[in-house]
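Derivation of every value follows stated rules applied to the coordinates shown; laboratory data play no part. All values derive from a computational prediction rather than experimental measurement. Quick reminder, even Gly has a Cβ in these numbers, built from the backbone with ideal geometry, and neighbours come from all protein chains shown.
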Amino acid sequence: NKTVHANGVTFEEYIESDIEVYFSISVSTRLRKPMFIISTYGGVDIETLPPDKKHSTWIDPFIGIKSFDLTNVLSDMKCPQHYISPLVQTLPKLWELYDNYGLTTIELNPIRIKKEGNRYTPVGCDLKAAFDQDNPAWRRLGLPKTIFQTDVTPFEAEINLLRTYQGQSDVLELNPNGTIIPFMFGGGANSAATEALGTRGIFSSDFGGNPPYDKMYDISRIVFNHWYDQANVLLIIGGKANNTDIYVTFKGMFDALRDHVSKHGVHPLYTVVGRGGPNLIRGMFYGKDILDRLKLPYKMFGYDSSMIGVLDYACRIDDWWAARGRSEYEKKVA
């Protein structure tokens, strides 16, 4: 026997029904178009159903879900006739909810049909929804911001506050005991660096999308406040950018580093840069000037250098810095 303490009890009404319907609206990540999926075999994981027991249809965002589309689909799926009309009257309204409130996914599974007198009423028995936090429309619902912070670390939550229309601020804390601070720019750099650094990387990130100076400065300030004192290596890695102004992003990062050191004191670490794009040389010289004034060592690679080679170099520097590099540096600047 085992005794457990319950935090609460939830009572739910039993909805008697001889049918369970699955319905969802989401955006195809492959074709970037909204679509709905419907099945009269709900109540189970939709992925487990064979193709002939579910149907998907693209949605024109300017029109929404058309009633005749639902009628035809439900008829083809042999849905009982007396259930089709209530479903056709109800389900198109979910598009209004999806489109007006910043949703990326809405899923009802199952929908049971409740008989009330001579009428049939669809009842959503379980709802799953996901919001686009970059779309301000979700605020119309009056939901607290804390609903998006489940299992989010304080560092991630602080960075997430900087979401704006321009520039990405995506971070995932991987190892709070890591030794490399990785500023990653672009999906390719994110994938390559996350894999190459392994447990050395404190977090995975993507700060691409041409972030403005203020945003890049604030991101860097938060990063240094959390991780500067424990790091061996500051890594700035990305491919050859097309639209991102490298000088602006470098200025934001290195200004934040300079101000952090000015306020909290210098902690020896080695900076490794591998980047390409507009104003690269100007950005590198700006970073070089600040690192020289702070008397911090560095190595910079241009866009013609192998990204994997730069990542391998950063890992070797991390090992060397922990073994003897830091002590050699401290003797040199003493």
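Numbers at a glance
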read-out	value
Taking 16, 158 and counting other C-beta atoms within 10 Å, the order from fewest to most	16, 158
nm² value of the averaged projected area, convex hull over the Cα atoms of the range 151-333	9.5
Rounded to the nearest 20 debye, dipole of the chain from Cβ charges on Lys, Arg, Asp, Glu	840
Efficiency of FRET from Cβ geometry, residue 214 and residue 127, R₀ 45 Å, rounded to 0.05	0.75
Ascending count of other beta-carbon atoms within 10 Å, so fewest first, for 153, 249	153, 249
Under 23 Å between alpha carbons - lysine pairs in the range 20-141 that sit 8 or more apart or on different chains	24
Charge-dipole axis of the range 20-141 as Lys and Arg at +1 and Asp and Glu at -1 on Cβ define it, positive-most pick from 65, 82, 127	82
Cα centroid separation - the range 97-130 against the range 161-222, whole Å	37
Where chymotrypsin sites (Phe, Trp or Tyr not before Pro) fall in DSSP loop in the range 112-218, at most 16 other Cβ within 10 Å	165
Dipole moment magnitude, nearest 20 debye, the range 264-334 about Cα centre, only Lys, Arg, Asp, Glu C-beta charged	220
Zero-based 20 Å bins, Cα pair distances in the chain, whole percents	25, 39, 27, 8, 0
Three-way shape label, the range 1-86, alpha-carbon gyration tensor, a/c 1.5	prolate
